[in-house]
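Engineer: Let me begin by handing over the structure; questions about it come next.
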Amino acid sequence: MSRIPVRFGVLASVLVLVNVAGLLWIRAELIARQRQVRIVAALPARDVDTADRFALVFDNPCVEAHLVGRPLTRSPFALTPALKGDWFWAAPDRLEFRLAERLPPGRVFALRATADAEAQLGRGLSGPSEFRFQTRALELEGCDFVAADPTNATFELHFN
């Protein structure tokens, strides 16, 4: 009966250890991805002026179904400039901000994650976490002469 050379046994052991380490690494990557969430869409993509809400769509569900439709006590995202409205989960993977008023023209709104967004979502954010929305430009609709003196003239401008 022939014996297996020691060199073969050492090489086989090294290969088994490398494979086990690789499988553990892949498992750790998969678990880390499950704890991450990515925003796949920030809505509205166009016609921001007519929108009645801002919406963020995630690639995975962030909340359980029984929390859908309830307003949030703390907001994981902040709008700049601030607007009146409420954050709520419209679906397990869709967070919406319902506006109390229509958006004014000539403004750029920034929507960005707050410092404790990851704690509120229960997962880390990967990818972009800041989005910009721009309403239509201001249009001059009219101009009225109000008063004048030798150094100044006052006009009243009417915008949309």
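The values are calculated or read from the model by the stated rules, or taken from the named source; none is laboratory data. Bear in mind the structure is a predicted one, so any value in this text is a computation, not a measurement. Backbone-built Cβ (ideal geometry, glycine too); neighbour counts: all protein chains shown. Note: accessible area is taken over every heavy atom of the protein model, side chains too, but ligands, DNA and RNA are not part of it. Shrake-Rupley method; radii C 1.70, N 1.55, O 1.52, S 1.80 Å.
Engineer: I need the full set of residues from the stretch 25-56 which are modelled with pLDDT of 85 or more, open to solvent by 100 Å² or more (accessible area, probe 1.4 Å) and more than 26 Å from residue 106 (Cα to Cα), in order please.
Structural biologist: Correct list: 25, 38.
Engineer: Give me the residue from the stretch 123-156 that is under 44 Å from the mean Cα position of the chain (by Cα), loosely packed, with under 12 Cβ neighbours inside 10 Å and hydrophobic (A, V, I, L, M, F, W, C) and, out of that set, nearest to residue 75 (Cα to Cα).
Structural biologist: 137
Engineer: I'm told residue 21 meets every condition in (1) touching a residue at least 24 places away in the same chain (Cβ under 8 Å); (2) open to solvent by less than 70 Å² (accessible area, probe 1.4 Å) except one. Can you identify the failing condition by its number?
Structural biologist: Only one criterion is unmet by residue 21, namely (1).
Engineer: Residue by residue through the stretch 99-114, note down the ones that are under 13 Å from the mean Cα position of the chain (by Cα) and of a type outside the set (Ser, Thr, Tyr).
Structural biologist: Passing the criteria: 110, 111, 112, 113.
Engineer: Further, regarding this structure: Could you please give the count of residues in the stretch 57-84 that are of a type outside the set (Val, Ile, Thr), open to solvent by 30 Å² or more (accessible area, probe 1.4 Å) and closer than 23 Å to residue 134 by Cα?
Structural biologist: So the count comes out to 6.
Engineer: Right, here's the next one. Scan the stretch 106-122 for residues that are surrounded by 13 or more Cβ atoms within 10 Å (Cβ to Cβ) and touching a Pro at 6+ places or on another chain (Cβ under 8 Å) and report the count.
Structural biologist: 7
Engineer: Need a quick list: strands (runs of 3 or more DSSP E) entirely within the stretch 59-160 having at least 1 residues that are closer than 21 Å to residue 47 by Cα.
Structural biologist: Per the criteria, 77-80, 85-91, 94-99, 108-113, 130-134, 140-148, 153-159.
Engineer: Does residue 46 fit the bill of being in a loop (DSSP other than H, G, I, E, B), under 30 Å from residue 86 (Cβ atoms) and of a type outside the set (Asp, Glu)?
Structural biologist: yes
Engineer: Kindly list the number of the only condition in (1) among the basic types (Lys, Arg); (2) part of a helix (DSSP H, G or I); (3) under 16 Å from residue 117 (Cα atoms) that fails for residue 7.
Structural biologist: (3)
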